[in-house]
Amino acid sequence: MLKVEDIGYWYTTQTDYLFKDVNLTFEKGKVYTILGSSGSGKTTFLSLLAGLDQPKEGKVLFNDRDVKKIGLTNFRKKDVSIVFQAYNLFSYMSAYENIKTALRISGIKKTDEGDFIVDSLKKVGIDESLIHKRVTHLSGGQQQRVAIVRSFVTEHDLIIADEPTGNLDENTTKEIVKLFKTIAHEQNKVVIIVTHEPEVARESDVTYELKNKQFSIVNNAG
Ligand SMILES: Nc1ncnc2c1ncn2[C@@H]1O[C@H](COP(=O)(O)OP(=O)(O)OP(=O)(O)O)[C@@H](O)[C@H]1O
Ligand SMILES: [Mg+2]
């Protein structure tokens with residue numbers, strides 16, 4: 001469903017490829033992780049998948065359509081949710097208001113919107129005592145959970161996350177990865193997570209490692 005064909009990218013000069021001739025497929029219902037050392041080009045690669053930037057060579061296909069034809073802005077608005085390490089929530093709003101705003105921005109109407117928001121947050125362990133607090137008064141793990149709820153209530157098929165567990169402890173990290181897996185498996189979405197943590201990669205369905213300008217599949221069972 002999301003596919004990259006022969007993509008290559010460089011920033012300043014063409015001889016400095018970050019990666020080249022990359023062909024990968026990301027299917028619905030699976031969590032993918034992308035591993036790689038710092039500076040290898042993971043965030044750059046994600047920005048191409050998310051329609052934030054275009055590859056210098058090759059193309060990105062979403063449901064067999066070139067995202068360039070869909071239009072990058074349109075693609076980002078209709079199909080992609082992005083979760084960052086720094087959560088990117090509206091800091092002056094509560095968890096409840098953040099989700100409500102995301103629904104508004106995506107044009108999604110729910111008949112019982114209030115209940116829907118409360119239930120969605122409860123699903124990830126944000127209970128009633130936390131829902132109406134400013135998000136800056138929540139812990140890092142709690143804020144990340146709110147960011148994840150925001151990524152799935154918008155009904156986008158593609159969820160892209162850059163180091164979503166970078167600031168969190170081991171147990172919270174495990175829970176967050178589990179949450180992504182539940183979303184991918186139950187809602188049939190594509191989830192792609194960039195991480196430098198092999199423990200996170202091991203929990204995912206498929207792992208690719210970016211090394212020496214190429215992506216190779218890592219055997220998660222081994
Ligand atoms: N806008 C830019 N202009 C020029 N070079 C850039 C730009 N953004 C990133 N780079 C360079 O491209 C390379 C890849 O950067 P990128 O952010 O994709 O790496 P990364 O794998 O995400 O690293 P990290 O694990 O540290 O987040 C780095 O050498 C970086 O310095
Ligand atoms: Mg990065």
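The values are calculated or read from the model by the stated rules, or taken from the named source; none is laboratory data. Note that the structure is predicted; figures quoted are calculated from it, not measured. Neighbour counts run over all protein chains shown; Cβ positions are idealised from the backbone, glycine included.
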Within region 59-92, considering residues that are among the aromatic types (Phe, Trp, Tyr) and away from ligand 2 (no atom under 13 Å from the Cβ), the one surrounded by the fewest Cβ atoms within 10 Å (Cβ to Cβ) | Tyr92
Among Lys78, Lys56, Lys69, the single one that is closer than 25 Å to Ala147 by Cα and either among the charged types (D, E, K, R) or modelled with pLDDT under 95 (or both) is Lys78
Positions within region 195-205 being within 8 Å of Leu35 (Cβ to Cβ) and modelled with pLDDT of 90 or more, in sequence order | Thr195, Ala201
Looking at region 125-178, which of its residues are touching a residue at least 60 places away in the same chain (Cβ under 8 Å) and in a helix (DSSP H, G or I)?
-> Gln144, Ala147, Ile148, Arg150, Ser151, Phe152, Val177
Leading residue by the ranking (farthest from the chain's Cα centre (by Cα)) among those in region 206-222 that are surrounded by 15 or more Cβ atoms within 10 Å (Cβ to Cβ) and within 11 Å of Gly36 (Cα to Cα) | Lys213
Considering only residues of region 3-37 that are within 14 Å of ligand 1 (Cβ to nearest atom) and crowded, with 21+ Cβ neighbours inside 10 Å, which is farthest from Val206 (Cα to Cα)?
-> Tyr9
Condition test on Arg65, is it closer than 19 Å to Thr154 by Cβ, more than 14 Å from ligand 1 (Cβ to nearest atom) and free of Cβ contacts under 8 Å to residues at least 60 places away in the same chain?
-> no
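Would a scan of region 194-201 turn up a residue that is polar (S, T, N, Q), touching an Asp or Glu at 6+ places or on another chain (Cβ under 8 Å), surrounded by fewer than 19 Cβ atoms within 10 Å (Cβ to Cβ) and not in a strand (DSSP E or B)?
No, region 194-201 contains no residue that is polar (S, T, N, Q), touching an Asp or Glu at 6+ places or on another chain (Cβ under 8 Å), surrounded by fewer than 19 Cβ atoms within 10 Å (Cβ to Cβ) and not in a strand (DSSP E or B).
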The one condition in (1) outside any helix (DSSP H, G or I); (2) free of Cβ contacts under 8 Å to residues at least 40 places away in the same chain; (3) buried (at least 20 other Cβ atoms within 10 Å of the Cβ) that Ile117 fails to fulfil = (1)
Where a residue in region 38-50 is more than 6 Å from ligand 1 (Cβ to nearest atom) and its partner, wherever it lies, is among the basic types (Lys, Arg) and modelled with pLDDT under 95, with Cβ under 7 Å and at least six apart = Ala50/Arg76
Selection from region 87-117 of residues that are on the phi < 0 side of the Ramachandran plot and polar (S, T, N, Q) = Ser91, Ser94, Asn98, Thr101, Ser106, Thr111
Counting only residues in region 9-58 that are basic (Lys, Arg) and either within 16 Å of ligand 2 (Cβ to nearest atom) or in a loop (DSSP other than H, G, I, E, B) (or both), the one farthest from His156 (Cα to Cα) is identified as Lys56
Confirm whether Asp119 is of a type outside the set (Gly, Ala, Ser), farther than 25 Å from Lys28 by Cα and modelled with pLDDT of 90 or more.
-> no
